[in-house]
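Below is one structure, written out as structure tokens; the observations come after it.
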Amino acid sequence: MKKILIAVVAALSISSCSRASQNAEPAATAGQAQEYVEEEMIAVSGTNSVPAPPADTRKLIAKGNVEIKVKPENVDSIYDNINALIKKHNGYKSSEKQNEFRYSVSASIPSASFEDFTDALNKVGGKMSDKSINVQDVTDAYTDLISEIKSKEAALEQYRVLLKRANKISEIIEIQTKIDYIQNDIDVMNGRRINIDRKVAYSVVDIDLIIVKKEMAKDDDDDTPSFGSELVDSLSDGWAIIKFLVVFLLRLWPFFIIGGIVYFFYKKRKGESKTSSKN
């Protein structure tokens, strides 16, 4: 009987030790997990800075403006040539508008084809009267934006960890509010990032077709005046000089009248003097 009691006590002791060991193991695992999360949070918060990209991967936004003078009868054909050129360079029209004197098209062209596209506009027809290109380097701003996004994402992760540990309703509400606020900031900044990426990937070229009269278009096609045009211009200038002199002399009519009267009396007086001397 005594041996049986000793065996039971021993069994109970072993069972109790086993349960204590099982209970202690989860506690140790939870402690390790907490330490791991804290270490990860510190590691992430310490890697927010983003190194500057190499020169060949800089973020450049290119924009072009081209003005082409066209004759009214050539507007449709030149417009078709521009459309074909846009498709050839895998671009698309973002907007277009038209009035009596101008036809405007905004084309979005892949940045890799931007220079070739603007050069090819010289061959669509008409006469290119103006061309300007502006390139903006947004690399630094883009790098700062990415760094800020990473910082916000690290803070968001920290608050999510705190949310899992929170026990009180007030703490849960406060932490969730901060999470929503940070998430909104991240969404806004990601929207800015996507917008920059789109502008870097596609360059905008504004094309204005200026519709000119036939006389103006002829002058634009040949800047050297012909002999006939020079002769006409000379006759016109001479006639203008004659008209100016006539108008100028007409404005002096009071002086002519006064001069005539003075001359009349002078001749009359001189005649009387001759008559009296003869007598």
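For the criterion of being exposed (fewer than 10 other Cβ atoms within 10 Å of the Cβ), polar (S, T, N, Q) and either part of a helix (DSSP H, G or I) or at pLDDT below 70 (or both), SER229 fails.
The conditions of being surrounded by 15 or more Cβ atoms within 10 Å (Cβ to Cβ) and farther than 30 Å from ASP76 by Cβ are not met by GLU171.
Whenever a residue of the stretch 62-82 is on the phi > 0 side of the Ramachandran plot, it has no partner that is polar (S, T, N, Q) lying with C-beta atoms less than 6 angstrom away and at least six residues away or across chains. From the list THR143, THR139, THR118, the one residue that fits, being under 30 Å from THR57 (Cα atoms) and in contact with a strand residue (DSSP E or B) (Cβ under 7 Å, 6 or more places away or on another chain), is THR118.
Every condition in (1) closer than 21 Å to LYS213 by Cα; (2) of a type in the set (Val, Ile, Thr); (3) free of Cβ contacts under 8 Å to residues at least 40 places away in the same chain holds for ILE175 except the one numbered (1).
Only one entry of VAL262, VAL205, VAL161, VAL188 meets the criterion of being part of a helix (DSSP H, G or I) and either modelled with pLDDT under 90 or in contact with a strand residue (DSSP E or B) (Cβ under 8 Å, 6 or more places away or on another chain) (or both), and that entry is VAL262. Taken together, the criteria place ILE78 among residues that are of a type in the set (Val, Ile, Thr), over 23 Å from ARG193 (Cα atoms) and outside the structural domain of GLY191 (by TED's automatic domain parsing).
The values are calculated or read from the model by the stated rules, or taken from the named source; none is laboratory data. Quick caveat, the model's predicted, so the values are computed rather than measured. Cβ coordinates were reconstructed from backbone atoms using ideal geometry, including for glycine residues, and neighbour counts include every protein chain displayed.
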